[in-house]
Amino acid sequence: MQVSQDMTMARAKASATTVVEARGLDKSFGSVIAVDKADFEIKRGEFISIVGPSGCGKSTLLRMIAGLTPRSGGSLSVNGREVTGPRGDVGVMFQKPTLLEWKTVIENVLLPTALKGRVSEADRSKAQALLNLVGLQDFAHAFPRHLSGGMQQRVALARLLKIGSDILLLDEPFGALDEFTREHLNLELSRIVSDANVTSVFVTHNISEAIFLADKVFVMTPRPGRLAAVVDVPFPRPRELSLLANPDFVDLVARVRDIFSKGETA
Amino acid sequence: MSSSANTNETRSWLWRVNPTHAAGHAGLLVGLLVLWETGSRTGLLDPLILPAPTAILAALWQIAVVDRLLWGHFGITLYEAMAGFVIGSAIGIALAIGAALWEPFRRYSAPYVVGLQVTPRIALAPIVIAWLGFGTTPNVAIAALLCFFPPFLNTMTGLLDVDRDLQEMFRSLRASKRQVFTQLMLPTALPYMMAGLKTAMTMALIGAIVGEFISASEGLGVLMHRFTFQLNMAATFAVLVALTLMGLLLFALMEWVDNRIVFWRHDERMQEISRKRAAREAGRAATETPGTARVAPAGRT
Ligand SMILES: Nc1ncnc2c1ncn2[C@@H]1O[C@H](COP(=O)(O)OP(=O)(O)OP(=O)(O)O)[C@@H](O)[C@H]1O
Ligand SMILES: [Mg+2]
């Protein structure tokens, strides 16, 4: 019963529409090739992890999808429209919380709305609901400076969700946090995005974290930044921490690690 | 950001008197005054150089309460300093915004700005008086001229110090240029601006007094001049005490304004705002759903 349900889900995903499509996507900074002719597709509702060592072009790839960095060549479209700049159907979360210290937590969550126009009462309750979702219900009126780093990142997550975009781009969002907090927030994130049924692209340099969260792992190798492989992760989402001890999971981690060592010897 | 926080901290370190040391402070002050008084009474200190504290106090009483001579002059100087402060700061901040937003202006004005900064601007005082004649107007102008620089420099520094990641975040949210200015650059610059304004306030008072020294018919500077001329040193020192009080008043005013405007640099203020907002929210929830309201706040805390 459980298995057949997973299979129907998998089939539904296979037939799902493509939301991000890249062909020969290129980016160079002077003589540095940050992303070298990347081809990939991301389907609606998928969770993609981008993993690779420092400097291999993960952030650059993500920022190109976000429309924050112009590409040097190739084609890139999101929701069927060519990417030319920042857009409303894509939300970005950065490595730092990037909160405004003069605004309270709930005002920070409401920033995307405030920038678009008036903030309604419905927006305020939505923001409060999102704060409940990330476990900050009691801190709506606190200022960011009075929160821990992990709590600040949750505020940023709530703000990302308040944008209401169906594609979430997350660039090492919990990278600066300790391992306990990061693991906890990863679990929450994975629960939240499968509930909201949004498409997510998550950058990390931690292989097991990448696999734990994702449907597909984009493996990138450096110099030049190249999309070396796309690894399918067969376990159903959302996942439990016990998965980390599953032998199949451990095998998969080893396989991805292998791609890097091959890349180095080549 | 950190540099302005530092200026604030240095200031509050100077400013804050630890209550546990209050007795020590009072004791030291009384000790010094008694020493000074004794020195004067035994003839060790020439009253033409340094009059006794009691003599200064008596003179203060005389000019402030008996003759009521002090207040008109006090008001004039206060007016000159405040008007000069407002005009100088407004010009400084306006120029800084122009320079921060418009690169060519910044580039071409920089040499003149440096030139104006290295010139001892107080030396312009006689020229300003030659231009503007007598009365309070030249003194307001001197105060403005003297104090415009710190708000100018600090505002520009603040506006250009916007966090790159925050800029990116605003860009990703497709904020307009105007929104970036009003909601990101300006709030970032405010702590710097306030630090500049505090310095400007002190400088404006110096400007007003110097202007009065050079040529004026009213103001505390004039009064001091007159009393020294009469060799009435006690009254001269009494005016100085009045000036110190004015300085303290203006300083306290700026601290208060700083606390209101740059509240996110003051932990107690932030906590107070947080409390008020939460209480207001709770109150609103109570009027909307009276049944659950009583339970919710208790459950939360
Ligand atoms: N704005 C820029 N100007 C010049 N070079 C850049 C710029 N941004 C990135 N690069 C270069 O592009 C390459 C890829 O950078 P990128 O930030 O995408 O790496 P990354 O995979 O995100 O690394 P990390 O894990 O350290 O964040 C690097 O060699 C970097 O030096
Ligand atoms: Mg990066």
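The values are calculated or read from the model by the stated rules, or taken from the named source; none is laboratory data. Every value quoted in this text rests on a predicted model; they were computed, and no experiment measured them. Here Cβ is always computed from backbone atoms with ideal geometry, including for glycine, and neighbour counts include all displayed protein chains. In case anyone asks, the SASA skips ligands and DNA or RNA and just uses the protein heavy atoms, side chains included. Shrake-Rupley method; radii C 1.70, N 1.55, O 1.52, S 1.80 Å.
Can you find even one residue in segment A:84-96 that is open to solvent by 60 Å² or more (accessible area, probe 1.4 Å), closer than 28 Å to B:H266 by Cβ, within 12 Å of chain B (Cβ to nearest Cβ) and modelled with pLDDT under 95? Give the derivation first.
Narrowing segment A:84-96 to residues open to solvent by 60 Å² or more (accessible area, probe 1.4 Å): A:84, A:95-96.
Within this subset, residues satisfying the condition of being closer than 28 Å to B:H266 by Cβ are A:96.
The next check asks that each one be within 12 Å of chain B (Cβ to nearest Cβ); those that pass are A:96.
Cutting the leftovers down to modelled with pLDDT under 95 gives us A:96.
For segment A:84-96, residues open to solvent by 60 Å² or more (accessible area, probe 1.4 Å), closer than 28 Å to B:H266 by Cβ, within 12 Å of chain B (Cβ to nearest Cβ) and modelled with pLDDT under 95: present.
Restricting segment B:247-263 to residues that are in contact (Cβ under 8 Å) with a residue 40 or more places away in the chain and within 14 Å of chain A (Cβ to nearest Cβ), which is nearest to B:A204 (Cα to Cα)?
B:D258
Mind checking which pairs have a first residue in segment A:207-231 that is at positive phi and a second that is surrounded by fewer than 20 Cβ atoms within 10 Å (Cβ to Cβ), Cβ under 9 Å, 6 or more apart or different chains?
Between residues of segment A:207-231 that are at positive phi and residues that are surrounded by fewer than 20 Cβ atoms within 10 Å (Cβ to Cβ), the close pairs are A:R223/A:V32; A:R223/A:I33; A:R223/A:G55.
Can you give me the number of residues within segment A:129-156 that are more than 23 Å from B:R265 (Cα to Cα) and at the interface with another protein chain (Cβ under 9 Å from one of its Cβ atoms)?
Number of matching residues: 1.
Among A:T113, A:T69, which is in contact with a helix residue (DSSP H, G or I) (Cβ under 7 Å, 6 or more places away or on another chain) and within 16 Å of ligand 2 (Cβ to nearest atom)? It would help to see each step written out before you state the result.
On the way: A:T113 fails: within 16 Å of ligand 2 (Cβ to nearest atom).
Selected residue: A:T69, the only one of A:T113, A:T69 that is in contact with a helix residue (DSSP H, G or I) (Cβ under 7 Å, 6 or more places away or on another chain) and within 16 Å of ligand 2 (Cβ to nearest atom).
Count, please, the residues in segment A:46-66 that happen to be more than 15 Å from ligand 2 (Cβ to nearest atom) and open to solvent by less than 10 Å² (accessible area, probe 1.4 Å). Walk me through how you get there before you give the answer.
Of segment A:46-66, the ones more than 15 Å from ligand 2 (Cβ to nearest atom) are A:46-48.
Next cut, open to solvent by less than 10 Å² (accessible area, probe 1.4 Å) only: A:47-48.
Result for segment A:46-66: 2.
Residue by residue, here is whether (1) within 14 Å of another protein chain (Cβ to nearest Cβ); (2) in contact (Cβ under 8 Å) with a residue 40 or more places away in the chain; (3) more than 24 Å from B:L173 (Cβ to Cβ); (4) away from ligand 1 (no atom under 13 Å from the Cβ) holds:
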| residue | (1), (2), (3), (4) |
| --- | --- |
| A:I33 | no, yes, yes, no |
| A:E41 | no, no, yes, yes |
| A:G67 | yes, no, no, yes |
| A:S75 | no, yes, yes, yes |
| A:V78 | yes, yes, no, yes |
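How about segment A:190-210: which of its residues are open to solvent by less than 10 Å² (accessible area, probe 1.4 Å) and either part of a strand (DSSP E or B) or modelled with pLDDT of 90 or more (or both)?
Matches in segment A:190-210: A:T199, A:S200, A:V201, A:F202, A:V203, A:T204, A:A210.
Tell me which residues, restricted to segment B:95-123, are of a type outside the set (G, A, S) and either in contact with a Gly (Cβ under 8 Å, 6 or more places away or on another chain) or touching a residue at least 24 places away in the same chain (Cβ under 8 Å) (or both). Talk me through it step by step, then tell me what you get.
Initial filter on segment B:95-123 (of a type outside the set (G, A, S)): B:95, B:97, B:101-108, B:111-114, B:116-122.
Within segment B:95-123, B:L95, B:I97, B:L101, B:F105, B:R106, B:V113, B:L116, B:Q117, B:R121, B:I122 meet the criteria.
With (1) within 16 Å of ligand 2 (Cβ to nearest atom); (2) buried (at least 17 other Cβ atoms within 10 Å of the Cβ); (3) farther than 30 Å from A:R182 by Cα as the list, and A:F29 as the residue in question, which single condition is left unmet?
Evaluating A:F29 over (1) within 16 Å of ligand 2 (Cβ to nearest atom); (2) buried (at least 17 other Cβ atoms within 10 Å of the Cβ); (3) farther than 30 Å from A:R182 by Cα leaves (2) as the failure.
Since B:P150 meets every condition but one in (1) surrounded by fewer than 24 Cβ atoms within 10 Å (Cβ to Cβ); (2) within 14 Å of chain A (Cβ to nearest Cβ), which condition does it not meet?
Going through the list (1) surrounded by fewer than 24 Cβ atoms within 10 Å (Cβ to Cβ); (2) within 14 Å of chain A (Cβ to nearest Cβ), B:P150 breaks only (2).
Within segment A:157-200, how many residues are more than 14 Å from chain B (Cβ to nearest Cβ), within 16 Å of ligand 1 (Cβ to nearest atom) and touching a Leu at 6+ places or on another chain (Cβ under 8 Å)?
Here the count works out to 2.
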